[in-house]
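The values are calculated or read from the model by the stated rules, or taken from the named source; none is laboratory data. Owing to the predicted nature of the structure, the values given are computational and were not obtained by experimental measurement. FYI the Cβ positions are ideal-geometry reconstructions off the backbone, even for glycines, and counts take in every protein chain you see. Protein only, heavy atoms only, side chains kept; ligands, DNA and RNA dropped before computing areas. Shrake-Rupley method; radii C 1.70, N 1.55, O 1.52, S 1.80 Å.
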Amino acid sequence: PLDGGRVLRSIVWRTTGSLARATAVASVAGQVVGYLMVAAGFLFVFLGQLFSGIWLAAIGWFLAQAARSQYEQLKVSRVLESVEAEDLMAADLVTLPEDISVREAVDRYFMRHDYSAFPIVAEGGHIVGILTLRAVKRLPQEEWDARTVRDAMEPIGDQFTVQSSARMDKVVSKLEDGDARRVLVLRDGEVVGIITPYDIARWFQRRRALRA
C-alpha cells in the first residue's frame, strides 16, 4: 500500500498490460512483507525487546491488511463497472411533504425508519430537496416546531443525484464524497429511485448467495 508497492504495481502493469494482475502481484508482495514484519516483531519480543517487537508487529499487520484491501477494492470496482445505477437502486422511496415541521419529520420518519436522509416532495409531486439527519442535528431543537422541512433541506444538486445509466463504480465514488451518504437516481429528469451503502451491500450479498 506504500510507495514501494505502487512502484511494483506500475512495473508489473507496464510489463503485463493488466491492472488486475499488477494489483494482485503488488498485494501479495505487500502481504508477504507485512507478515514478515509481524514475524520479526514476535522474534524481537522473544529476544526481550518487548516495545520494539510489538510496534514492528503492529506496523506489519497494518501493512498486510492494507495491501489485501487494495486488491479487494479493485475486485469490487471491476464488478461495479458492469452495473448501472438503475440495476441496484431501491425504487420504494420514503419521502417527506415539504410543509411538515422538522419536529414532525423527526417523530414520524427519522425515529420510525432506518434512514438518515429523506427526499422532500413539493406540492406538485416532484422532489425538490433532501433532508439529512446531519441538517436536523445542526438545527436547535427549540426551532423544530417552527421550521418546516423545506427550510432545513438541501436542494437537489449534482452531489445528490446520478443518472439511471450511471456506472456503479462512479456512483460509489459520489457516495463516499457526499455528506448525505445516498444519491437519488434520475431518469428523464424525474427521480425514480435511491441508492445507499446498504443497497450496495445487499446487492453484493444476494450476488454471492446466487453464485454459491
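Given a 1.4 Å probe and every protein chain left where it sits, what share in percent of the accessible area of the chain is carbon and sulfur? Spell out each step's value before the answer.
Working: 7110 of 13010 Å².
The value for the chain is 55 percent carbon and sulfur by accessible area.
Using the basic label-point model (7 angstrom from Cα toward the beta carbon), what is the residue 99 to residue 11 distance in nanometres?
Placing both labels 7 Å along Cα→Cβ, they lie 7.0 nm apart.
Would you mind getting me the FRET efficiency between residue 141 and residue 170? Use the beta-carbon distance for r and R0 = 35 Å, nearest 0.05.
0.40
Working from Cα positions, state the angle (0 to 90°, nearest 10) between the long axis of helix 197-211 and the longest principal axis of the chain.
Orientation of helix 197-211: about 60 degrees from the principal axis.
At most 14 other Cβ atoms within 10 Å and a DSSP loop assignment: could you name the trypsin sites (Lys or Arg not before Pro) in region 110-190 that fit? Each step should come with its number before you reach the end.
On the way: sites: 112, 134, 137, 138, 147, 150, 167, 170, 174, 181, 182, 187; in loops: 112, 147, 181, 182.
Within region 110-190, the qualifying trypsin sites (Lys or Arg not before Pro) (loop, at most 14 other Cβ atoms within 10 Å) are 112.
Once the Cα atoms of helix 19-46 and of the chain are each reduced to a long axis, what angle between those two axes, in degrees from 0 to 90 to the nearest 10, is obtained?
It is inclined by approximately 60 degrees.
Using a 1.4 angstrom probe, figure out how much accessible area region 25-173 has per residue, in square angstrom, rounded to the nearest whole. Can you show the working numbers first?
Details: 8720 Å² over 149 residues.
That works out to 59 Å² for each residue.
Count the net charge of all other residues whose Cβ sits under 15 Å from the Cβ of residue 28, scoring Lys and Arg as +1 and Asp and Glu as -1. Don't jump to the answer; show the numbers that get you there.
Values: positive: 6, 9, 21, 68, 75; negative: 72.
Summing Lys and Arg as +1 and Asp and Glu as -1 gives +4.
What spacing in nm lies between the two simple spin-label points modelled at residue 192 and residue 107, each 7 Å away from Cα in the Cβ direction?
3.8 nm
Using the Cα atoms of the chain to build a convex hull, what is its mean projected area in square nanometres?
Computing the convex hull of the Cα atoms and averaging its projections yields 17.4 nm².
Under the 0.36 nm per residue contour assumption, what length would be gained going from the current alpha-carbon distance of residue 73 and residue 133 to full extension?
Details: separation 60, 0.36 × 60 = 21.60 nm, distance 2.84 nm.
In short, 18.8 nm is gained.
Rank these residues by their accessible area, most exposed first, probe 1.4 Å: 98, 81.
Result of the area sort, largest leading: 81, 98.
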